[in-house]
Amino acid sequence: MSFSKLKLSDPILKAVAEAGYTAPTAIQKQAIPIILSGRDLVAAAQTGTGKTASFVLPILEKFNVERKLRGKRIRALILTPTRELAIQVEANVAKYSKYLNLSSMVMYGGVDSGPQRQRLIYGVDILVATPGRLIDMMYQRVLHFDELEILVLDEADKMLDMGFINDIEKIIDRLPSQRQSLLFSATLTEEVRFLADTVNEDAVEISVPPSSATTPKINQWLITVDKDKKSALLSHLIKQQQWDRALIFIDKKHAAAKLVSQLEKRGIIAEAIHGGRSQAVRERILADFKSGELKFLVATGIASRGIDIENMTRVVNYDLPYDSDDYIHRIGRTGRAGASGEAISFVSNDNFKNLCAIESRLGHIITRKEIEGFEVKKVVPVSILNFVPKHKR
Ligand code: AMP
């Protein structure tokens, strides 16, 4: 099936072709006609499936008619859990709308609000925002929602995990009831469904299993290693296997800084992004990593959400994530859109329960490797599949 069957206009098809997409992904095939028909939508789709284009393209199609935008007004609001994801989504909007006469803007906290206010004076067609800053602007009456036509909640599960529910409710209270609402989430948990019921009316529900994602080939494997040997193991792999690049996930921000200096001592240049660094620093580091100038990026889970790096071939779970959804999101950073990738997890004995939860979620055991010279003292047992954690952290 080609994109032209999806009833999208030529300027959109041209931009999509320039992005290098030849055929719509599973989520795009399902979501685009529903959104164009005006129905509300609840979609279970993970990062890496092409979900962003699945809502951005039909929004552009619907907005591709002459309409005068009033000052301080927006027509579509896309809410995302993190600034990185907001930046990413808006970059996609700009890319797909380059042949249209539509405006878009990204808005997030942690930076001076002056330029954002200035930009809103003339109104914006598509605003991508994180909840906190949006609420500030809303209370300051810098923007009004009376002309809003479409609301998108992207990565709704993550927004709930991050405690944004009250903010989201405050925002929804101010939106016109006559609108189209679209909700995307990696998983449709009870909480997400509850949220979906409050935002949507009679929504169509669709779901894209990870197997039909754009991400075809991710080689996943794990290395069992004692906790205190992890940084030595990482340096060893980087050097011995001559890694050119890697995105390395770690749990805590102080551990991220420590790992960077441990690598440095072994002659490996890395940088860390985490919630404790300013937005400007995070953006600079990300830009360096994207350009290839920086080869090794250490990131905490939250800071890394939404990073879309083309041709990312290797992701390392230096710490195994506590949440199996996070594991799936992380490995979704590699092997994107046709490229193949490798996802390596360092697993120590105290990760056993997490590992069981992740492997149960995947439905299979991850291939294990032990590296010579790093044989474990504390054995990691083989998982029991269908394990359900009692106390999810
Ligand atoms: P997303 O799930 O929205 O984060 O998208 C994952 C990746 O797939 C991004 O790098 C997109 O640029 C890419 N992508 C989106 N749609 C397509 C498509 N139809 N064909 C190939 N790549 C795509």
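The values are calculated or read from the model by the stated rules, or taken from the named source; none is laboratory data. For clarity, every value in this text was computed on a predicted model and none was experimentally measured. Ideal geometry is used to build each Cβ from the backbone, glycine not excepted, and the neighbour counts take in all protein chains shown. These area figures cover heavy atoms from the full protein model, side chains too; ligands, DNA and RNA do not enter into them. Shrake-Rupley method; radii C 1.70, N 1.55, O 1.52, S 1.80 Å.
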Could you pull out every one of the helices (runs of 4 or more DSSP H) wholly within the stretch 1-104 that has 2 or more residues that are farther than 18 Å from Gln180 by Cα? 10-18, 26-36, 83-96
Criterion (crowded, with 16+ Cβ neighbours inside 10 Å, modelled with pLDDT under 95 and not charged (D, E, K, R)) met by exactly one of Leu233, Leu237, Leu183, Leu195: Leu195
Selection from the stretch 263-283 of residues surrounded by fewer than 16 Cβ atoms within 10 Å (Cβ to Cβ) and not in a loop (DSSP other than H, G, I, E, B) yields Glu264, Lys265, Gln279, Ala280, Val281
Contacts under 9 angstrom Cβ, first residue in the stretch 339-359 being closer than 15 Å to Ile223 by Cβ and in a loop (DSSP other than H, G, I, E, B), partner hydrophobic (A, V, I, L, M, F, W, C) and modelled with pLDDT of 90 or more, 6 or more apart: Ser348/Val225; Ser348/Leu320; Ser348/Val376
Residue by residue through the stretch 51-72, note down the ones that are open to solvent by 20 Å² or more (accessible area, probe 1.4 Å) and within 14 Å of the ligand (Cβ to nearest atom). Thr52
Being open to solvent by less than 40 Å² (accessible area, probe 1.4 Å), in contact with a Gly (Cβ under 6 Å, 6 or more places away or on another chain) and either basic (Lys, Arg) or more than 16 Å from the ligand (Cβ to nearest atom) (or both): is that true of Gly48 here? no
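Go through the stretch 336-364 and count every residue that is open to solvent by 50 Å² or more (accessible area, probe 1.4 Å) and modelled with pLDDT under 85.
Matching residues across the stretch 336-364 total 6.
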Could you pull out every one of the helices (runs of 4 or more DSSP H) wholly within the stretch 128-246 that has 1 or more residues that are within 25 Å of Asp323 (Cβ to Cβ) and among the polar types (S, T, N, Q)? 165-174, 190-199, 230-240
Matching residues, the stretch 74-87, being surrounded by fewer than 23 Cβ atoms within 10 Å (Cβ to Cβ) and out of contact with any strand residue (DSSP E or B) (no Cβ under 6 Å at 6 or more places or on another chain): Thr82
Kindly indicate whether any position in the stretch 18-25 is β-branched (Val, Ile, Thr), touching a residue at least 24 places away in the same chain (Cβ under 8 Å), buried (at least 24 other Cβ atoms within 10 Å of the Cβ) and under 29 Å from Leu362 (Cα atoms). no
Out of Leu41, Leu8, Leu36, Leu13, sole residue that is more than 8 Å from the ligand (Cβ to nearest atom), closer than 27 Å to Glu201 by Cα and surrounded by fewer than 19 Cβ atoms within 10 Å (Cβ to Cβ): Leu36
